[in-house]
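Peer 1: Pasting a structure below so you can have a look.
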Amino acid sequence: MSLPLWCLLITALLPFWLAFWSSSVRRREFGHLDNHHPRQQYAQMTGKGARLWAAQSNAWEALALFTAGIVAMQTSGGGGRLADIACVVFVLARIGHGLCYAMDLATLRSSLFVVSFLAVLSLFMTALL
C-alpha cells in the first residue's frame with residue numbers, strides 16, 4: 001500500500017480515536033455512558049469533553065476533503081514526493097489539531113487547520129500537474 005493510502009487509513013481512524021477519548025471523558029463527567037441517547041449526552045458535555053466531541057466532528061469533515069484529494073491525485077496519475085509530503089503533513093497536522101482541541105489551544109488548533117487545508121490543496125495541485 002502506498003504512503004498516501006496509509007495516510008488515508010490513519011486519517012479515517014482519527015475520528016474513532018477522538019470518539020473513544022471523548023467517551024472516556026463523558027463517562028467521567030456523567031458517571032456512566034448513556035448508550036440509548038449518546039448524542040443527547042454529548043450535547044450536555046462541557047469543557048474537554050465538548051471540545052473532543054467537536055474535534056471528532058471536525059475530523060469527519062476533514063476526512064471527506066482529504067479523501068477527495070487522494071482520489072484526485074491517484075486517478076490523475078499525479079503523486080510523487082510532493083504528494084507524499086503533503087499527506088504526511090496533513091496527518092500530523094490533523095493529529096495535532098485533535099490534541100489542541102482537547103488541550104484548549106485554540107490559536108494553534110486554527111493554525112494546524114490551515115496547514116492541513118493547504119496540504120489538501122497541494123494534493124489537488126499534484127493532480128493538476
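Coordinate-derived values only; no laboratory data. For clarity, every value in this text was computed on a predicted model and none was experimentally measured. Cβ coordinates were reconstructed from backbone atoms using ideal geometry, including for glycine residues, and neighbour counts include every protein chain displayed.
Peer 1: Going by average Cβ neighbours within 10 Å, how do the peptides 59-65, 28-34 rank, with the highest at the top?
Peer 2: Put in order of decreasing packing, that is 59-65, 28-34.
Peer 1: Viscosity 1.306 mPa s, temperature 10 °C: what is the translational diffusion coefficient of the chain from Stokes-Einstein with a Kirkwood Rh over Cα pairs, rounded to a whole number of µm²/s?
Peer 2: Estimated diffusion coefficient is 104 µm²/s.
Peer 1: Once you place label points 7 Å from the Cα toward the Cβ at Arg39 and Leu128, how far apart are they in nm?
Peer 2: Modelled inter-label distance: 3.7 nm.
Peer 1: Using Cα centres only, tell me the gap between region 84-98 and region 3-29 in whole Å.
Peer 2: Using only Cα atoms, the two centres lie 14 Å from each other.
Peer 1: So between Phe117 and Ser24, what do we pick up on full extension, going 0.36 nm a residue minus the alpha carbon distance?
Peer 2: Extra length from Phe117 to Ser24 when fully extended: 30.6 nm.
Peer 1: Okay, next question. Can you list which of the DSSP-assigned H helices in the chain have a Cα extent of 20 Å or more along the long axis and an average Kyte-Doolittle score of at least 1.6?
Peer 2: Membrane-span-like by this rule: 106-128.
Peer 1: Run lengths n ≥ 4 of DSSP H only: what is the helix-derived mean residue ellipticity at 222 nm for the chain, with -39500 (n - 2.57) per run over all residues, to the nearest 500?
Peer 2: When only DSSP H runs of four or more count, the value is -29500 deg cm²/dmol.
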